[in-house]
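For reference, the structure discussed in these notes is given below.
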Amino acid sequence: MSAIPRVKLEPWGVDDLFLLEAANTPEMTAHLGGPETAEQLRARQEKYLRWRETGDAAMYRIEADGDPVGGIGYWKSEHDGAPAWETGWNVLPAWQGRGIAREALRLLIGKVAARGDRSLLVAYPGVDNPASNALCRGAGFEQRGSLTEPWRGAELTFNIWVLDMSPLDLGDRQPDVDERFEGERLDEARWWPFYTPHWSARDAAAARWSIGPGGLELRIDADTQPWAPDFDGDVRVSHLQTGQHSGAVGSELGQHRFRTGLRVREEQPEHRGWLVHHGVIEVRMAAVRHPDVMVAFWPIGFEERPDDCGELCVAEIFGQEVGEHAGLVGVGVKAQNDPRLRTDFEKIPVEGDLTDFHDYAVEWTPERVRFFVDGRWVKTVAQRIDYPVQLMLDVYEFPRADGTRDTAALPHVLRVERVRSFRAH
């Protein structure tokens, strides 16, 4: 078996009764009131198969490296009078502790979200089941109390976990900043047109940009040089950021310490352009379909204190993952060098041509961040990030192994129609 199994969800089938029997042990049912009878197991199997026919609920066999290892599903429920889906799962003991349940729940959440017919997913693990409670917390669920109710002839005390998958609702809210890139020049009070120049130099890290009727274009041209060849190879980038904070030449104090050993090479003036602390941040941009290219919008900590450096990755799109009718969008939290955070990042399948304009947004509260594509919820990260961030908007060209460049495809252009921020309620 591999150290990190490949997890799949397959529809529950007529031959899967053995999984119910394998999970029907005192150990596996300790938090559920004990084992069921053989008759109860057969009734449960029949129910799971009916779900498959009706579509009103769904049960899946969890497979790890092709082996059946447990089950997970969802079914209709309510929470505080609102329609919801309820979920539950199990993984057989020999496969526990390897991240299988975590990945299975992530896959299930994607299936529930794709339905789009109920915006709440709930789970009710027993209060004495630390593994399942931790799983809910890690998946972005919010704990909303606990209850004790009769269950299998006894009483079960359980926690109430709720995942809010409702769409982004800006309603009548007005943005505090609505950047439409009008006129002929960048608003220099907001934007700093250099890519972390303290690690290189402003001349080497300067953006190539233009503003036209469609908004901003960030561009990598045939004569664009690598921004820092001695420690970042032949990576080329065109980038705007809305803040700049770094130390004196020779110091290690500087934003986006993306590798060890970095020291300030060129002292920079402090720039407090457009800093955001909670609320909604949104960009409307178009990706680039090319295997050498990535576009991204990722607010990062302003880093007045070195630990305040986490990243809210609103959208990270590799050109090799952009098809004609769908693509992958990376979203989530990256710890970078913030010891209080853990990286929780994934690539979300998105329907449609990502080289057209799409809206990518994050709704950020003191306790969690929710991510959206075209207003549709795609991910929640339940972590606390409580410091100002600056906006980072960029297009990258990565080097090929053979050292060549696809000059016929140049320029690589990131098109941005608008960037907005809304204050927290």
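FYI, it's all coordinate maths here, none of it is from the lab. None of these values were measured; they are calculated from a predicted model. Every residue, glycine as well, gets a Cβ built from its backbone with ideal geometry; the counts of neighbours run over all protein chains shown.
From the cross-link list 8/47; 111/379; 111/347, which pairs have alpha carbons spaced over 20 Å apart?
Long pairs (Cα-Cα over 20 Å): 8/47.
Per residue and in Å³, how big is the convex hull formed by the alpha-carbon atoms of the range 292-425?
132
Once amide H atoms are built 1.01 Å from N in the peptide plane, which residues 5 or more positions from residue 146, or in another chain, come under 5 Å H to H?
160
How large is ³J(HN,Hα) for each residue in the range 407-420, as worked out from phi by the Karplus curve 6.51 cos²θ - 1.76 cosθ + 1.60 (θ = phi - 60°), to whole Hz, x for Gly and Pro?
Working through the residues one at a time gives 5, 5, 8, 6, x, 8, 10, 8, 9, 10, 7, 7, 9, 9 Hz.
Calculate how many DSSP beta bridges within the range 7-164 are antiparallel, expressed in % of all such bridges and rounded to the nearest 5.
Within the range 7-164, antiparallel bridges account for around 95 percent of the total.
For residue 307 and residue 25 in one chain, what is 0.36 nm times their gap in residues minus the Cα-Cα distance, to one decimal in nm?
Gain on extension, residue 307 to residue 25, equals 96.9 nm.
Assuming R0 = 56 Å, what is the FRET efficiency of residue 259 and residue 184, from their Cβ-Cβ distance, to the nearest 0.05?
0.95
Report ³J(HN,Hα) in whole Hz for each residue of the range 182-193, in order, from the Karplus equation J = 6.51 cos²θ - 1.76 cosθ + 1.60 where θ = phi - 60°; Gly and Pro get x.
9, x, 10, 10, 5, 6, 5, 6, 9, 9, 10, x
Taking R0 as 30 Å, what's the FRET efficiency between residue 210 and residue 272 from their Cβ-Cβ distance, rounded to 0.05?
FRET efficiency, residue 210 to residue 272: 0.70.
Under the rule a/c < 1.5 gives rounded, and otherwise a/b versus b/c splits prolate from oblate, where does the range 177-422 land using the Cα gyration tensor?
rounded
Determine the shape class of the range 228-327: with a ≥ b ≥ c the square roots of the Cα gyration tensor eigenvalues, call it rounded for a/c under 1.5, and otherwise prolate if a/b is greater than b/c, oblate otherwise.
oblate
Given axes a ≥ b ≥ c from the Cα gyration tensor, I'd like to know whether the range 7-113 is rounded (a/c under 1.5), prolate (a/b larger than b/c) or oblate.
Rounded, because the longest to shortest axis ratio a/c is under 1.5.
Under the Karplus relation 6.51 cos²θ - 1.76 cosθ + 1.60, θ = phi - 60°, what is the ordered set of whole-Hz ³J(HN,Hα) values for the range 241-253, x standing for Gly and Pro?
After applying 6.51 cos²θ - 1.76 cosθ + 1.60, I find 9, 10, x, 8, 9, 7, x, 6, 4, x, 7, 9, 8 Hz.
Measure out, as a whole number of angstrom, how far apart the alpha-carbon centroids of the range 179-258 and the range 363-382 sit.
27
Taking K and R as +1 and D and E as -1, what net charge do the other residues with C-beta under 11 Å from the C-beta of residue 200 add up to?
Charge balance in the 11 Å sphere: -2.
Please identify the trypsin sites (Lys or Arg not before Pro) of the range 144-202 that satisfy two criteria: DSSP loop assignment and at most 15 other Cβ atoms within 10 Å. Which are they?
Hits after loop and neighbour filter: 152, 173, 180, 185.
Report the full-extension gain for the segment residue 117 to residue 143: residue separation times 0.36 nm, less the Cα-Cα distance, to one decimal in nm.
Working it through step by step, the gained length comes to 7.1 nm.
Taking 35 Å as R0, compute the FRET efficiency from the Cβ-Cβ separation of residue 8 and residue 152 and round it to 0.05.
0.65
Mean Kyte-Doolittle hydropathy of 1.6 or higher plus an axial Cα length of 20 Å or more: which whole DSSP H helices in the chain meet both?
none
Mind sorting out which of (i) 5, 24, 36, 25, 9, 1, 0; (ii) 4, 17, 19, 16, 17, 14, 8, 3, 0; (iii) 4, 19, 28, 22, 15, 9, 3, 0 is the real P(r) over Cα pairs in 10 Å bins from 0, in percent computed from the coordinates?
The value matching this structure is (iii).
Taking neighbour Cβ counts within 10 Å as the exposure measure, how do 210, 421 sort from fewest upward?
210, 421
Which of the GluC sites (Glu not before Pro) found in the range 22-91 are in a DSSP loop and have at most 11 neighbouring Cβ atoms, other than their own, within 10 Å?
Here the GluC sites (Glu not before Pro) that fit, given the DSSP loop and packing criteria, are 27.
In a GNM of the chain with a 10 Å cut-off on Cα contacts, which of 389, 381, 69 has the highest mean-square fluctuation?
69
What is the local net charge at residue 403, summed over the other residues whose Cβ is closer than 14 Å to its Cβ (Lys, Arg +1; Asp, Glu -1)?
Neighbourhood net charge equals -2.
Note down the net charge around residue 388, summing +1 for each Lys or Arg and -1 for each Asp or Glu among other residues with Cβ under 12 Å from its Cβ.
So the surrounding residues net to -2.
For each of 151, 227, count neighbouring Cβ atoms within 10 Å of the residue's Cβ, then give the residues from fewest to most.
Arranged by neighbour count, lowest to highest, 151, 227 become 151, 227.
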